[in-house]
1. Quick check on my filter: what residues within region 324-371 are open to solvent by 30 Å² or more (accessible area, probe 1.4 Å), under 20 Å from N522 (Cβ atoms) and outside any helix (DSSP H, G or I)?
2. May I ask you to verify whether H746 is at pLDDT 90 or above and open to solvent by 40 Å² or more (accessible area, probe 1.4 Å)?
3. For a quick check of your reading: which helices (runs of 4 or more DSSP H) sit entirely within region 868-948 and have at least 1 residues that are open to solvent by 60 Å² or more (accessible area, probe 1.4 Å), within 24 Å of N986 (Cβ to Cβ) and out of contact with any Pro (no Cβ under 7 Å at 6 or more places or on another chain)?
4. Which residue out of E451, E407, E379 is surrounded by fewer than 20 Cβ atoms within 10 Å (Cβ to Cβ), part of a helix (DSSP H, G or I) and in contact (Cβ under 8 Å) with a residue 24 or more places away in the chain?
5. Considering every residue within region 701-710, establish whether at least one is in a loop (DSSP other than H, G, I, E, B), over 21 Å from W775 (Cα atoms) and open to solvent by 30 Å² or more (accessible area, probe 1.4 Å).
6. May I ask you to list the residues in region 34-51 that are crowded, with 19+ Cβ neighbours inside 10 Å and in a helix (DSSP H, G or I)?
7. Can you name the residue in region 1270-1296 that is out of contact with any Leu (no Cβ under 6 Å at 6 or more places or on another chain) and among the charged types (D, E, K, R) and is also farthest from Q1237 (Cα to Cα) among such residues?
8. So Y1492 fits all but one of (1) modelled with pLDDT of 85 or more; (2) open to solvent by less than 40 Å² (accessible area, probe 1.4 Å); what number is the exception?
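The values are calculated or read from the model by the stated rules, or taken from the named source; none is laboratory data. Model, not experiment: these values are computed from the prediction. When we count neighbours, we look across all protein chains shown, and the Cβ atoms used for this are built from the backbone with ideal geometry, even at glycine. For the accessible areas, the whole protein counts, side chains as well, though only heavy atoms, and no ligand, DNA or RNA atoms are used. Shrake-Rupley method; radii C 1.70, N 1.55, O 1.52, S 1.80 Å.
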Amino acid sequence: MSNKEVKTALKSAREALKNKEFKDALKHCKAVLKLEKNNYNAWVFIGLAASELEQADQAQTAYKKAAELEPEQLLAWQGLANLYEKTDQWDFKVELPNIYQKLVELYASSDKSKCYEMISKLSDIYQADKEYLKLAKVWRQLIQVKEEEAVDKKELLQLWQQMTQLLSDCPDEQERDYETQQHLITAFEKAMVLMDPVPGEQHKKASADYVKCLSKLPQEEPKMIEACKSMLSFYPNQSYPLEVLCSHYLKTGVQNEDAVSCFSRLLDLAPNSGLGHLGLGTKALQEGRFKDAIKDLAQGLKNMSSSRGWCNLAEAQFKMQKYSDCAISCSQGVTGCVSGDEELRVKLLEMKLEALVRSGGDTAADQALETFSQIPDSEKDPVLVGLKGQAYLNKGRVDDALKVSSELLASHLNLTQGLVLRGLAHLAQGQHQLVEESFLQAISQSPNCGEYHFLLGRLYWDMGEETRKDRSKAHTHLLKAAKLDPNLACVFRYLGHYYLQVANDLDRSRRCYKKAFEMDNNDAESGAASVDLSMKQDDMDTALAILQSVIEKATPGSAKWAWMRRGLYYLKIGAHQQAVADLQAALRADPEDWVCWECLGEAYLNRRSFTAALKAFGKAHQLQPSSIYSVYQAAAIKQTLGKFKEAVAEYLQITAQQDYVPALKGLGECQLSLAKSLMEDCRDGGAIDLIQQAIKNLFRAVEMRPDLSCLWKLLGDACTAVGTVSPDVAQLLVPAPLAGSDNQSHTLSQAQTLKVGERCYAHALKLMPEVPSLWNDLGLNYYRQSSLSCLTEDGQNSPSLLLEKAQQCLKKAIMMDSENHSFWNALGVISMSKGLENLALAQHCLIKSIQVEANNVVAWTNLGTLYLKNDNIELAHKAFKIAQSLEPLYVNCWIGQALIAERVGSYDTMDLFRHTTELSTHMEGVKGYAYWVCSTLLDRSNRDSELYRYNIVQMNAISAAQVSLTKYTERIQSDPFAFIMLGYLNEHLHLKRSALKAYKRAVELLTAMSSTEELAFALGCYGRALCTAGLSEEAVCVYNSTPLQELSDLAGLALAYSRAGLIPESINAYERALAVASTEKEKAYILTALALLQHRQGNQDSAKTLLFKCSMLKEPISESLLCLCALGLVHSDATLAAAALTELLKLGPGSVKVVEQRCLLTCALLALQGNYSAVQREASRAVHSNPGNPSLWALLSRLVPQYHPKKANGGAIAGHVACLSSMTQGKRALLYSGVNQLANGRHSGEDSHRNALKTMQRAVLLCPDDPATWAGLMAACHTENTSCYLSGSAPSRRGLEQTLMSVVSEKVHNVEEIERPLAQALEGWVLKQAVTGLMRGGQLEQAEALCSQVLNVSPEHPEVMLSLRQVQCQRLLLAGGGTVLPDPVLEQLQNTVMMNPTNVGAWHWLAEVFRSQGLLVQAVIAYRQSLQLASQLGLHSSQVASLLRLALLALGNCMAGVPDNEWTDMILEATTEVLKLGSSPMALLFQALLQYVNKMAARDTRRVLERLAYSQDLPVTVVQVSSWYLLRHLHAKNDQDLMNVLLQHAKKNGDKRLLEFHSLLASSS
């Protein structure tokens, strides 16, 4: 084929490629190659077509063949580049940079833009592959091309900058080879040359990058230094080049002038630069300025971490003996050491080892030994081994240390470390001679070692007596040590000791201590000594400066000595807040320092923080129990806070150990304050005891310090304080010297004690005559003496003379201090006293007191009293009013207003007097209030008024007045009228003995006063109190001693006669009283009393006549109708009772007590009429009408168990309400509630919280003297035992019967006469209960013995005889095994029952005996007899019991199959009668069982039993029995469905017995 054909084929191939017919193109190209094997275009076209057909290998081969044929042609190389770019094949990627490089060469001369593009792609590949040298060469090639084009400087600058940026991205300088680094340096230099302007921001940044680059190249150090200097010349304020230079100098260790200049310049620019501080610190370390080195290095290491820096810091700290800090720095340096710097690490470990050894302590020794093990080849270094031995020594392992020293000296003879170690080991053993030898040898080996000289000097200082006497040796070696090593702080400490203790050179000693402390801030001993000496020399500024410097550096919980000394300084100058803060900081360092706690307490005390001070002193005493000061201060604080009792206890604790005068003084003050507080409450007996103790303790203090005026003053106060109380109480036992005797202590009267107080004040004035308060106290003492009633007008101790003395003393006090308002006030009071009565002077003094002190409530009150004494009511009222406004709680001004109100007849008088008693106990206010209360009570016409209800009832006036008046009479025992009022108030409060005592005292006082009219009144009151107290005969005598002209006296005499049993004399007295009576009401009361006496004598008709006569008066009284109704009830005259009750109800509602009485009578009448259900309804109606009356609730609770026991649960609730409403009614209501629970069968097995036993126990606790509560407890215990018997468990309360019976018998003898019959009946019931309990427990012998014991005392006791027969019958039946009793025995039993005609239970028991003997007819007769008896007695529950027992007897016969319709009729008759009396589940059960017996298979039988078995309101026994028979009925009829229903119901209710019964039935069938 010709050349033309080749061209045609190539053309066809080109067209095919253009049309994307790549396979055709391949065919055409292959055709060409057949003709022309080396055709360049054909190979290129094949490469292109194969590439499009994704035949990469063929395309690569074709392109490479074309490139080989014509290397300078672009098409093949371009094709290869395109193929490699689009094909993700690793070998292609490897070849691609070479292709790009060839293209760059080809484009360089032809197409610059394509050349740049190839260079860019090549740069990206080299950068991605981190081939930085090739990258640098490519960029140099690019820049060269640009330079050839003569592009502008800006573009060239950008290229050089891009080149520096690309080459700087190399993460590790070590990856860049030298050539690459040189390219980078060249790029920086070229770029910086091209930059403009210079200096400028761009140039500054480039310079910094250049410096940074050079700083990473150690071989370019000169260039780096030159670059830094160049940059500093352009930019002197830039810190970066300085930082690079400083870092370089630190690494190389160069410390020339240039280095120091760099460090200084850097710190000027950046004060917190770590490099600058490290550099200066290193320089200071080299120059021996260790303190500056520590400061700079520590500051530098705060900002940057450097192992070399930590090493330098540790070295400086070691030189300054800061061994603990040195060890810490070494640890930090070891942590920061890189793996290659092993030499530095070992150095740090060795330094740490030595620092830990020198710091001492067990913990540091352990760390030292651990550090020793970390040092390579440490065992081969004798110095390190010596340090190891010292570590053993610090741990107390002396033997190990000696062993190490021996080994060292054996291997290295005369090694100083071994000698010193041996000496220290011997020192630990106390062998001072051997220590001295070792240290001397060490010094001979190393004579210039200051430490060894110090050790020897310290040894001489601490050695025996000889060296103690002659300290020159120690001094010599210490001076030598200080000269050789001036950085040894401990040397200067001991020199300070020498100059202080031996040379007595305080100034030199202080300088030594100060130098020692400056070198070692942790040397607390030196610091404290320096501060103490500075303070001793009054150089407070230096002392405070030292303390301030320590405190500023101290961490929490450290520098205790500095905090404490500064705190004491602040305490001394009065800066208490700062003192508290500093002492608290000291305690954080040592919480167990009791001295510091005492100092803190003192600071709190001076700051008036009493509670905090008390806690601080308490803590100090806890830490140091022998410290008296802390106890004393705690007591003084409690005294300041008014906690006198606690303070007394603290003071006694001190005085028990020693006679400490401040404690005795404080004890006396507290006892005197307690006495005054007791006297304010009128507890004079206790106050006198305390005053006596105070005098005794103060005299003990005076005996020790008779020169202290304050002690004599306090003695005078104690003696003068007795002037307030009654002379009869004020009998004090005082020490003999005070009483003016040389013998034992004397008992002094009130006047004598005041005289002793006068002498004490005089003694105090002898010691301090210019104290005005002492003159005031002496004057008040004279005033107290003048007020005593035992003084007479003749002699030196006359009241007028004493008042003149008091006046002179007060004038003397005023002359000394005329600005004291209390002196003027006291003089005013004395001047208006009876005996002087200089009212003008008194007014002047009181006004002067007010002028001196305007807020003077006492002076204003006294001024008002002066005006009131002169009958100037208006001025008095104004003065009292001002006093009230100044101090509303001051009682005297209120008393003044009350007296004014009393004079003008104001209604507010009683209110004002009551207010005075509420404020405090003041004699005048107490008596005034009691007078008004008694006056109001005596006026019976205002009982329903609002004023009476408020003043008496709401304000609880009677109790308040009685309490206050009791205090009054204890202090003022010569006021008969106060005793009369007190007796009257006690009567109202039913305090019989107290009233009797008060009236008796009033009679005694009035008899001595010869006051006839008042005496007659008091005698009448006394007789009434005697009669109330049961002393009727004495009352008769007292009444007969009166004139017997008053109605009250005659009525009282009649009542006394009546209670004494002298009925005729009583009737005669009442008739005399009837003649004296002036009103119809009085006559009605007397006639009623006469009727009662007639009834008592058995004259029923006369009693009725008198009572009818009362009802016919114009003013009938309810009491007569009550008596008439009660008379009808007692004699079962329902008509009379109903008529009287009707008339009584017409009188209106009446008082609360009348309502209760009427309800009780109504209920009694209904019971008498046999309407038992109406009894409970009537009581309920009364409760609903008066729900706030607790008595009615208690009555309802009392009636329910007797007349409606089915509602016993409600009765228990009623009793609980009464108990909550009134404590008085609640005591009895609790008993009623327990009886209701007994009637309801409430035991602990049913309810463990609310049961009869719990309630009765509470009742016994509240009323231990009530025999009924003990009887109720006995019944509750019997109930619990019975429930245990029924449940099959053992009773837990056995053997209590006889104990409880004896308690009841004891309580019965103490009841009042009127309640004796009921109590005796209760005693009989308890006996029966005890016998029943013993019988139930099987203790028949004990029961028989108990009955026999009672019969021996009371042979005619039918109930006891009945109990005895019951026990004997039970024993016979048990002994005979159910044998038939002989007829004589049965006859004897029947006779015994007939001896108890009202005992329904006896007939029941006899019927049971007949039934057990098979005598059914006799049993029926006995039951009918009990029914008849219960009907006659009106015992509702007994009737029901008799009928049910009769029905049960008949039912037993019917179920046994006895062929007699009489038994069936008897069941129906008895149950019908029961249901007429009320609902009865038991009667319904008996009827259902009768139906079951007669018609077992009938449907009606099932219905009747189902009604009972499925009921929710019936007793459990009824439900369970009916369920049993229903199950039998259903089982007989084989009704499985209904049986399942019944069994499910039983499971739900927990009836296990029915389920067991069903199992038995199922198994039997």
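1. Once the filter is applied, which keeps residues that are open to solvent by 30 Å² or more (accessible area, probe 1.4 Å), under 20 Å from N522 (Cβ atoms) and outside any helix (DSSP H, G or I), region 324-371 yields only G361.
2. Values: at pLDDT 90 or above: no; open to solvent by 40 Å² or more (accessible area, probe 1.4 Å): yes.
No, not satisfied.
3. Details: elements: 873-886, 891-904, 909-919, 923-938.
So the answer is 909-919, 923-938.
4. Numbers: E407 fails: in contact (Cβ under 8 Å) with a residue 24 or more places away in the chain; E379 fails: in contact (Cβ under 8 Å) with a residue 24 or more places away in the chain.
Of the residues listed, the single one that is surrounded by fewer than 20 Cβ atoms within 10 Å (Cβ to Cβ), part of a helix (DSSP H, G or I) and in contact (Cβ under 8 Å) with a residue 24 or more places away in the chain is E451.
5. Taking region 701-710 and keeping what is in a loop (DSSP other than H, G, I, E, B), we get 705-708.
This time we only want the ones that are over 21 Å from W775 (Cα atoms), so: 705.
Next cut, open to solvent by 30 Å² or more (accessible area, probe 1.4 Å) only: 705.
There is at least one residue in region 701-710 that is in a loop (DSSP other than H, G, I, E, B), over 21 Å from W775 (Cα atoms) and open to solvent by 30 Å² or more (accessible area, probe 1.4 Å).
6. Keep residues of region 34-51 that are crowded, with 19+ Cβ neighbours inside 10 Å, which gives 39, 41-51.
Once the filter is applied, which keeps residues that are crowded, with 19+ Cβ neighbours inside 10 Å and in a helix (DSSP H, G or I), region 34-51 yields N41, A42, W43, V44, F45, I46, G47, L48, A49, A50, S51.
7. Out of the qualifying residues, it is R1294.
8. (1)
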